[in-house]
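Since every read-out is calculated from the coordinates, none of them should be taken as a lab result. Computed from a predicted structure; not experimentally measured. Cβ sites come from the backbone with ideal geometry, for glycine too, and all protein chains shown count toward neighbours.
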Amino acid sequence: MYPVMLNLQDKQVIVVGGGRVAARKIKMLQATGAVITVISPTLAPTIDRQQLNWVARAYQTGDLAQADLIIACTDDLAVNAQVRHDAGPGQLVNNTSNKYASDFYNMAMVSQDDVALAVSTHGSSPKLAKKIRQLLTIWLQAKPWRKGRNETK
Ligand SMILES: C[C@@]1(CC(=O)O)c2cc3[nH]c(cc4nc(cc5[nH]c(cc(n2)[C@H]1CCC(=O)O)[C@@](C)(CC(=O)O)[C@@H]5CCC(=O)O)C(CC(=O)O)=C4CCC(=O)O)c(CCC(=O)O)c3CC(=O)O
Ligand SMILES: NC(=O)C1=CN([C@@H]2O[C@H](COP(=O)(O)OP(=O)(O)OC[C@H]3O[C@@H](n4cnc5c(N)ncnc54)[C@H](O)[C@@H]3O)[C@@H](O)[C@H]2O)C=CC1
């Protein structure tokens, strides 16, 4: 795995599924300037509908044509697998129900001012990544680099 910060401004992102996991992924995506399309018969009420295109139906092969990045997060494992299967060689897919069938994962991230800290467990324990992110949030808020003689900012 290769850690990067992706500039998604104006990139086409397709999210297949509109439930609890989609809500978390979409919230992060909406801060990137990506053009987001959600393909799902239902959309969780917590999802902000203003910054996305909602295709209110089940996924169909052919839906991915315009996508730069794809997130498969339906509760149907066969559909998530189909999405990965249908993606072209230049399209990166996160199958949120199967880390072995994903081109990338999301990391748990905390961001403050110019600093972003991101945690991965190589997919082995997202719960632990979340816990460490919570601890790092407290650490970051205290700005520990300000203390001592070599204060930078
Ligand atoms: C591989 C990966 C793919 C991806 O989604 O990118 C993945 C996969 C899976 N997650 C599962 C479960 C949960 N995931 C969370 C939360 C987060 N999951 C995230 C990332 C990742 N999750 C990627 C690897 C990250 C790494 O390397 O560590 C975070 C960090 C970032 C984000 O989602 O944006 C975000 C925390 C954000 C934050 O708060 O900071 C919670 C906790 C909660 O929801 O509160 C639970 C319930 C846990 C419990 O309670 O036990 C399951 C089992 C599903 C099942 O059993 O059905 C799978 C499937 C599998 O393991 O294959
Ligand atoms: N990566 C992660 O962080 C996590 C991943 N998961 C996995 O994510 C998946 C989804 O979990 P939740 O969001 O909690 O489920 P959910 O039940 O809240 O949402 C599922 C969504 O998929 C949609 N859907 C179902 N069939 C579809 C189809 N054929 N085409 C398009 N959309 C369809 C539903 O309408 C619904 O909007 C599960 O497979 C679970 O294993 C679960 C927890 C965390």
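If contacts are Cα pairs under 8 angstrom and at least 6 residues apart, what is the relative contact order of the stretch 5-106 in percent?
25 percent
Per DSSP H run of at least 4 residues, take -39500 (n - 2.57); add these up for the chain, divide by its residues and hand me the 222 nm value, nearest 500 deg cm²/dmol.
Using -39500 (n - 2.57) per qualifying helix, the result is -7500 deg cm²/dmol.
Nothing charged except the Cβ atoms of Lys and Arg (+1) and of Asp and Glu (-1): what's the magnitude of the dipole of the chain about its Cα centre? Round to the nearest 20 debye.
Value, rounded to 20: 840 debye.
Most mobile of T37, T74, T61 per a Gaussian network model of the chain (Cα springs, under 10 Å)?
Taking springs between Cα atoms under 10 Å, the residue moving most is T61.
Quick check on the exposure proxy: order Y59, Y100, Y105 from fewest to most C-beta atoms within 10 angstrom.
With the fewest neighbours first, Y59, Y100, Y105 line up as Y100, Y105, Y59.
Taking only pairs that are 8 or more places apart or on different chains, how many Lys pairs in the chain have Cα atoms under 28 angstrom apart?
Lysine pairs satisfying the spacing and distance rule in the chain number 25.
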